[in-house]
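Engineer: Pasting a structure below so you can have a look.
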Amino acid sequence: MAKIVARAKLVENVRSVADNNRVHSVVCDLPTNSGGTDTGPTALELALMALADCAVTIYADVAKRSKVEITSLEAVAEAEKSPDSPKIGDVSLKIKVTSKARKQLLEAIWRRTEANCPVLAIFKEPITIKAELEASSE
């Protein structure tokens, strides 16, 4: 089984750089009203961005394999977040697609996308996370 590795390293204050253990990285930060410098998305925003991007990527791939040409494709993910809670809730995902294909075919492509989008699966079904702290004193 292939491993996917992500790592984040604190840079300064609450700003970090996350990478995929290949060549891609993204700066994450908190907004200024939360003590950050707003130089990148928060981790929660990045999670929603991943959801929207996964929906677009998988939809485009399914359409391509189905030989359906897409004129435009966009996904918008929104979530409610209470200031009192670290969790998000009530996530909505809206897909906007334009194509010459019939609406029924575009809907079938979406059903296949829902069944195969790994990030959507993470949002829909909880997964086990084994967290381990390795601490050392100076």
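Engineer: Can you give the translational diffusion coefficient of segment 1-40 in µm²/s, computed by Stokes-Einstein from the Kirkwood radius over Cα pairs at 10 °C and 1.306 mPa s?
Structural biologist: The estimated diffusion coefficient comes to 146 µm²/s.
Engineer: Right, next: Val11's amide H: which non-local residues (gap 5+, or another chain) put their own amide H closer than 5 Å, with H modeled 1.01 Å from N in plane and none for Pro or chain starts?
Structural biologist: Ser16, Val17
Engineer: If you don't mind, there's one more thing I want to ask. Kindly write out, for segment 122-138 in residue order, the coupling ³J(HN,Hα) from the Karplus curve 6.51 cos²θ - 1.76 cosθ + 1.60 (θ = phi - 60°), rounded to whole Hz, with x marking Gly and Pro.
Structural biologist: 5, 5, 7, 10, x, 10, 6, 10, 9, 9, 9, 9, 10, 10, 9, 9, 7
Engineer: Any number yet on Rg/Rh for segment 73-125, C-alpha, Kirkwood?
Structural biologist: Rg/Rh for segment 73-125 comes to 1.08.
Engineer: Now, a different point. Would you mind pulling out the separation of the Cα centroids of segment 75-138 and segment 17-31, in Å?
Structural biologist: Result: 19 Å between the Cα centres.
Engineer: Take the Cα atoms of the chain, find their three principal axes, and give me the spread along each one in whole Å, biggest first.
Structural biologist: Taking the Cα atoms of the chain, the three principal extents are 63, 38, 28 Å.
Engineer: Here is a follow-up. Output the peptides 110-120, 62-72 sorted from most to least packed, where packing is the average of other Cβ atoms within 10 Å over each peptide's residues.
Structural biologist: 110-120, 62-72
Engineer: Using only Cα positions of segment 39-105, each an equal point scatterer, no hydration layer, compute I(q)/I(0) via Debye at q = 0.23, 0.25, 0.28 Å⁻¹ and quote the log10 values to two decimals.
Structural biologist: -0.97, -1.07, -1.23
Engineer: Once both axes come from the Cα atoms, what is the angle between helix 43-65 and the longest principal axis of the chain, in degrees from 0 to 90, rounded to 10?
Structural biologist: It is inclined by approximately 30 degrees.
FYI, it's all coordinate maths here, none of it is from the lab. Values in this document were obtained by computation on a predicted structure and should not be read as measured data. A quick note on method: Cβ atoms are made from the backbone with ideal geometry, for glycine too, and the neighbour counts reach across all protein chains shown.
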